[in-house]
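Trainee: Input: one structure, supplied below.
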Amino acid sequence: MFSYQYKLGKLNCEACIKLVKMDLGTVKGITNIDLDIDGALELKADREIDKSEIVSALKDSEYKIL
Amino acid sequence: MTKQLDLKISGMHCSSCEKLISHALHEIPGVKDVVISHKDGTGQVTYDSSLLTDTDAIVDAVRKDGYSAKITADKALKVADVKKTEIESVSSSSAMSPSMHMEKMKNDLDPNKRVHLSVGGMHCASCAAIIERSLKQVSGVKSANVNFAAEKASVVFDETKSSEKDLIEAVKKAGYTADLATDLSPEMERMQREKVISGYFNKFLFSLILSVPMLYFMFFDFFKWVPGRELLLSYVGIVSLILTIPVQFYAGAGFYKGMWASLKMKTFNMDSLIAIGTSTAFFYSIINYSIYAITNKTFIGLDGMKIPELYFETAAFLITFVLLGKWLEAKAKGRTSDAIRKLMGLQAKTARVIRSGITKDIPIEEVAHGDIILVRPGEKVPVDGNITKGSSSLDESMVTGESIPIEKNVGDGVIGSTINKTGTFEFEATRVGSETTLAQIIRLIEEAQGSKAPIQAFADRISAWFVPAVIGIAILTFLVWFFVLGATLSFSLLAFTAVIVIACPCALGLATPTAIMVGTGKGAENGILIKGGEPLESAEKIKAIIFDKTGTLTNGKPEVTDVISLGNFDEDDVLRISASMEKLSEHSLAEAIYAHAQEEDIELDEVLDFAAIPGLGVSGSIDGKNYFFGNRKLISDFADLDYSKIEKKIAKLEEKGKTVMILASKEEIIGFIAVADRVKATSKEAVDRLKNMGIEIYMVTGDNARTAKAIAAEIGITNVLAEVLPEDKAIEVKKLQEKGLRVAMVGDGINDAPALAQADLGIAMGSGTDVAMETGGIVIIKNDLRDVCVAIQLARQTMSKVRQNMFFALFYNVVGIPIAARVFISFGLVLKPELAGLAMAMSSVSVVTNSLLLKYFKPGKLNIISKVAPIIMTILFVTLFWQFAVISSRMAE
């Protein structure tokens with residue numbers, strides 16, 4: 001099991017959290033996503049995931065990795 | 001109908017909330033567009049009310065995401081507003097300006113869009129020609145085919161230059177009605193058709209009731225003892241005039257409308273002939289009546305006599321008989337498209353889907369790809385898919401023609417509209433809506449029935465000059481009688497009218513399309529999809545058929561029969577090495593070897609540097625050693641080995657119809673494997689039947705000659721084209737064509753596409769559910785070669801029908817014109833205009849009725865009714881025609 005932590009900008013509301021989770025859910029191998037309103041992101045995956053994959057998943061989102 | 005739902009939404013904070021709600025609402029079937037504003041706290045949902053009937057689903061979806069919503073308005077949208085809404089919402093959400101969006105919309109438009117229109121108001125094939133001409137005048141239209149019998153138009157046009165609306169407008173401008181065929185449900189089409197039929201019947205009855213008194217008046221001329229004669233004789237004129245006016249201008253109004261439509265296109269049509277004929281009789285009588293009335297200052301006959309030279313009954317009866325013919329023709333025509341209506345009626349209306357653990361019935365339009373659908377015994381399978389749970393037997397006869405129920409288990413495909421017989425099962429929907437097998441078949445038949453056969457071009461050419469020629473002959477008839485032979489004006493005009501009416505080539509326009517409609521419909525009932533008139537004509541003329549071997553004459557599922565090892569290797573080694581390499585190959589022989597290795601529990605090796613050499617075999621390396629597996633040529637050319645020592649053993653196997661593949665390393669031949677693909681049970685019977693039909697049979701295969709000949713001998717084929725590479729099959733077809741033969745190719749519609757396309761007729765076998773993908777003029781759904789015989793038999797019967805119809809259509813014209821022109825008056829043969837009208841109507845009815853006899857077609861059996869009926873009809877109509885001529889001459893005396 002692989003674990004990653006990132007920081008996003010502060011989110012506005014639960015909807016933002018849901019949308020970011022939906023975007024990240026498209027990355028194959030991610031098994032769990034924890035994200036709070038302050039932008040603290042923790043990912044668990046069953047394989048090694050490059051940061052570029054996360055950046056690419058969030059390319060259309062308002063929120064980016066800081 | 002497109003509607004707009006306005007919502008008040010609370011709880012939104014930012015654009016993410018907008019996106020979330022929008023995303024959730026787009027998941028609902030029927031929702032077309034969503035515009036949400038978190039600032040205003042509002043939402044607008046544009047939706048299709050026929051797909052989304054419960055708007056609470058929208059409110060629920062918003063609430064599920066954690067917001068509250070209330071509907072403030074629900075209104076129907078006009079088309080212009082719909083487009084505006086689409087443009088604005090796309091522009092705002094994707095930062096595209098309206099003009100950029102219009103450009104994008106333009107790029108999404110199809111330059112070769114095909115559309116089918118239901119066309120109404122046609123009276124004859126000339127109307128169809130007029131509509132075709134009108135459609136071709138619309139900018140961007142590339143082709144237009146109007147089928148008078150089917151009342152359908154098939155148009156290919158550039159969507160960037162015009163729209164479906166423009167096409168409909170063009171038809172309306174020509175004086176007819178049109179709707180998009182997809183807008184009309186089978187029920188609506190049936191109602192429209194019934195309306196046309198009852199319209200003709202009502203007008204006929206109306207005319208008949210008004211004309212019958214004039215029949216009574218006609219008896220006054222023959223029999224002095226008719227009751228009421230002396231009292232009524234002087235009133236015959238005025239009463240006939242009063243009775244004829246509504247017949248001429250109400251019941252007969254359609255002919256004037258049709259003539260006007262053709263005049264606008266600067267041509268004449270068949271309605272022109274009827275309108276001219278009836279108007280001649282009516283207005284000549286009006287003139288004579290007016291002269292008599294003015295001269296004698298009375299509206300009734302003087303001295304108890306009938307006013308002379310009045311022919312109101314001619315006009316009235318002519319219209320009555322023509323309307324009778326139109327009514328009978330419309331009734332019969334309606335039955336020619338029974339096949340398509342039957343297929344459309346097979347469609348299920350609802351599906352029982354299992355979504356998120358909940359089972360519910362939904363309209364079939366809402367079924368999506370991936371839906372799990374539950375089907376119980378006795379129910380219809382709603383869409384195409386693959387079974388995921390359970391098993392059953394399905395009756396697929398309505399779609400494939402296969403009468404025996406088919407056992408289905410997990411993994412097997414099911415076809416929409418077939419009937420589940422015994423078990424309950426679940427399946428995953430893989431094809432919905434217009435993708436399903438049934439939808440493809442219906443579309444294929446619709447296009448087939450809308451297409452023109454080459455022989456139709458012959459009929460069209462005749463029709464194009466026939467009508468003006470008829471008018472010319474009629475005028476000549478009048479001129480000769482009146483100015484040369486000195487006949488009276490009334491005599492000359494009656495001859496003119498009779499020629500105009502009898503020469504009407506209405507039946508010619510029906511001759512080909514009605515037969516093709518019934519023929520293709522009959523084919524579909526038997527699982528044979530004929531893609532139009534051209535394949536039908538080609539099938540009739542076929543003199544040679546080339547069958548592809550693997551999968552067509554044989555089952556296409558080869559099995560390993562022998563594994564022979566040589567040297568220090570054993571059979572397991574031979575199987576292990578060859579199967580390891582063939583695992584990477586897609587060839588059917590490779591699959592057989594791999595499957596056999598699996599059965600023998602052989603553990604396979606990893607293969608590097610794999611290469612497939614088309615037509616020869618495969619090569620690769622295992623544990624650093626190179627191996628070759630394939631035919632003799634591979635071993636000699638690539639492995640550079642001499643196989644002569646094993647040639648005898650290989651030949652013995654090949655003589656039994658087996659395909660032998662040799663395994664070798666760079667140093668030695670290790671062994672060989674024999675594979676046999678069994679001949680289908682029906683192949684020999686099909687080949688024998690085709691030979692009895694006078695057709696030469698060929699077999700083409702990539703196999704070596706010895707194996708090919710052995711299999712061919714089993715089936716009864718002597719002409720073998722062996723060792724033909726896949727890409728060379730089309731060349732073999734061409735070689736036969738160059739010998740002057742009309743060649744059909746029977747094979748796999750996808751893999752043999754080039755050869756099927758090269759042939760004069762391509763017959764794609766055993767397509768199952770992918771009918772639309774198949775190349776070839778004929779697609780056979782079942783994997784039964786006997787259907788090839790049935791297809792050719794049906795084609796021959798249908799084309800024979802077309803020729804019979806052409807005879808019926810032209811016979812009356814050819815024989816009737818001189819009689820109508822009173823050429824044989826000295827032999828007592830004359831044709832009164834009204835009886836000419838009746839004869840002409842009967843020719844149309846006989847053509848349609850003759851076509852309907854194809855419904856008695858049964859595969860492999862003689863259609864006695866279809867063969868005998870035309871002879872009886874010919875004798876009957878000739879007799880009637882003769883009687884009409886005799887009666888007319890008596891009336892003329």
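The values are calculated or read from the model by the stated rules, or taken from the named source; none is laboratory data. Since the structure is predicted, the reported quantities are computational estimates derived from the model, not experimental observations. Here the Cβ positions follow ideal geometry from the backbone for every residue, glycine too, while neighbour counts run over all protein chains shown. Just so you know, the surface numbers come from the protein's heavy atoms only, side chains and all, with ligands and any DNA or RNA stripped out. Shrake-Rupley method; radii C 1.70, N 1.55, O 1.52, S 1.80 Å.
Trainee: Give, as residue ranges, the helices (runs of 4 or more DSSP H) completely inside region B:212-271 that count at least 1 residues that are over 30 Å from B:C127 (Cβ atoms).
Mentor: In region B:212-271, the matching helices (runs of 4 or more DSSP H) lie at B:229-232, B:236-246.
Trainee: Going through region B:420-438 one residue at a time, which ones are in a loop (DSSP other than H, G, I, E, B), polar (S, T, N, Q) and under 30 Å from the mean Cα position of the chain (by Cα)?
Mentor: B:T436
Trainee: Continuing with this model, one more query. I'd like the full set of residues that are assigned to a helix (DSSP H, G or I) and farther than 27 Å from B:A841 by Cβ, limited to region B:857-871.
Mentor: B:I864
Trainee: Filter region B:846-871 down to residues that are of a type in the set (A, V, I, L, M, F, W, C), without any contact (Cβ under 8 Å) to a residue 12 or more places away in the chain and within 23 Å of B:M693 (Cα to Cα) and give me whichever is least open to solvent (accessible area, probe 1.4 Å). Break it down into steps so the answer makes sense when it comes.
Mentor: Restricting attention to region B:846-871, the residues satisfying the condition of being of a type in the set (A, V, I, L, M, F, W, C) are B:847-848, B:852-854, B:857, B:862, B:864-865, B:868-869, B:871.
Subsequent filtering for residues that are without any contact (Cβ under 8 Å) to a residue 12 or more places away in the chain retains B:862, B:864, B:868, B:871.
Add one more test, that the residue is within 23 Å of B:M693 (Cα to Cα), and what stays is B:862, B:864, B:868.
Numbers: B:L862: 123, B:I864: 105, B:V868: 66 Å².
Filtering first and then ranking leaves B:V868.
Trainee: Determine if region B:36-47 includes at least one residue that is touching a helix residue (DSSP H, G or I) at 6+ places or on another chain (Cβ under 9 Å), away from every other protein chain (no Cβ under 14 Å) and aliphatic (A, V, I, L, M).
Mentor: yes
Trainee: Given the criteria closer than 25 Å to B:R890 by Cβ, open to solvent by less than 80 Å² (accessible area, probe 1.4 Å) and not small (G, A, S), does B:T314 qualify?
Mentor: So B:T314 passes the test.
Trainee: What residue, of B:E571, B:E600, is over 51 Å from the mean Cα position of the chain (by Cα) and among the acidic types (D, E)?
Mentor: None of the others qualify; the one that does is B:E571.
Trainee: Of the conditions (1) open to solvent by less than 70 Å² (accessible area, probe 1.4 Å); (2) under 23 Å from B:N555 (Cα atoms), B:T718 clears all except one; give me its number.
Mentor: (1)
Trainee: Of everything in region B:18-67 that's basic (K, R) and in contact (Cβ under 8 Å) with a residue 24 or more places away in the chain, which residue is farthest from B:E365 (Cα to Cα)? Spell out the reasoning first.
Mentor: Filtering region B:18-67 for residues basic (K, R) gives B:19, B:32, B:39, B:63-64.
So of that shortlist, the ones also in contact (Cβ under 8 Å) with a residue 24 or more places away in the chain come out as B:32, B:64.
Numbers: B:K32: 15, B:K64: 25 Å.
Looking at residues that are basic (K, R) and in contact (Cβ under 8 Å) with a residue 24 or more places away in the chain, I get B:K64.
Trainee: If a residue must be open to solvent by 60 Å² or more (accessible area, probe 1.4 Å) and within 14 Å of another protein chain (Cβ to nearest Cβ), how many such residues does region B:23-35 contain? Break it down stepwise before answering.
Mentor: Residues of region B:23-35 open to solvent by 60 Å² or more (accessible area, probe 1.4 Å): B:23, B:26-27, B:32.
Next cut, within 14 Å of another protein chain (Cβ to nearest Cβ) only: B:23, B:26-27.
Number satisfying all stated conditions: 3.
Trainee: Having 2 or more residues that are within 19 Å of B:V743 (Cβ to Cβ) is the bar; report the helices (runs of 4 or more DSSP H) wholly within region B:637-730 that clear it.
Mentor: Where helices (runs of 4 or more DSSP H) fall fully within region B:637-730 and carry at least 2 residues being within 19 Å of B:V743 (Cβ to Cβ), they are B:683-692, B:705-715.
Trainee: Would you confirm whether any residue within region B:7-19 is away from chain A (no Cβ under 14 Å) and not hydrophobic (A, V, I, L, M, F, W, C)?
Mentor: Yes, the conditions are met somewhere in region B:7-19.
Trainee: Would you pick out the residues in region B:200-219 that are at pLDDT below 90 and surrounded by fewer than 19 Cβ atoms within 10 Å (Cβ to Cβ)?
Mentor: Those that are at pLDDT below 90 and surrounded by fewer than 19 Cβ atoms within 10 Å (Cβ to Cβ): B:L215, B:Y216, B:M218, B:F219.
Trainee: With the checklist (1) under 19 Å from A:K21 (Cβ atoms); (2) surrounded by fewer than 19 Cβ atoms within 10 Å (Cβ to Cβ) in hand, flag the one item B:L20 doesn't pass.
Mentor: (2)
Trainee: Out of B:G390, B:G378, B:G357, which single residue is touching a strand residue (DSSP E or B) at 6+ places or on another chain (Cβ under 6 Å) and open to solvent by 30 Å² or more (accessible area, probe 1.4 Å)? Reasoning before the result, please.
Mentor: Details: B:G378 fails: touching a strand residue (DSSP E or B) at 6+ places or on another chain (Cβ under 6 Å); B:G357 fails: touching a strand residue (DSSP E or B) at 6+ places or on another chain (Cβ under 6 Å).
Just a single option satisfies the conditions, and that option is B:G390.
Trainee: Separate question: Specify the residue that is most open to solvent (accessible area, probe 1.4 Å); the eligible residues are those in region B:54-76 that are within 15 Å of B:T42 (Cβ to Cβ) and among the hydrophobic types (A, V, I, L, M, F, W, C).
Mentor: Step by step, filter region B:54-76, then rank; the result is B:I71.
Trainee: For chain A, list the strands (runs of 3 or more DSSP E) that sit wholly inside it and hold at least 2 residues that are open to solvent by 80 Å² or more (accessible area, probe 1.4 Å) and away from chain B (no Cβ under 14 Å); which are they?
Mentor: Those strands (runs of 3 or more DSSP E) span A:2-7.
Trainee: Examine region B:872-886 for a residue that is outside any helix (DSSP H, G or I), at negative phi and either loosely packed, with under 15 Cβ neighbours inside 10 Å or without any contact (Cβ under 8 Å) to a residue 24 or more places away in the chain (or both), and state whether such a residue exists.
Mentor: There is no residue in region B:872-886 that is outside any helix (DSSP H, G or I), at negative phi and either loosely packed, with under 15 Cβ neighbours inside 10 Å or without any contact (Cβ under 8 Å) to a residue 24 or more places away in the chain (or both).
Trainee: Also: Might you check whether a residue that is in a helix (DSSP H, G or I), under 30 Å from B:F282 (Cα atoms) and under 33 Å from the mean Cα position of the chain (by Cα) occurs anywhere in region B:813-826?
Mentor: yes
Trainee: When you look at B:S285, is it in a helix (DSSP H, G or I), surrounded by fewer than 14 Cβ atoms within 10 Å (Cβ to Cβ) and not β-branched (V, I, T), yes or no?
Mentor: no
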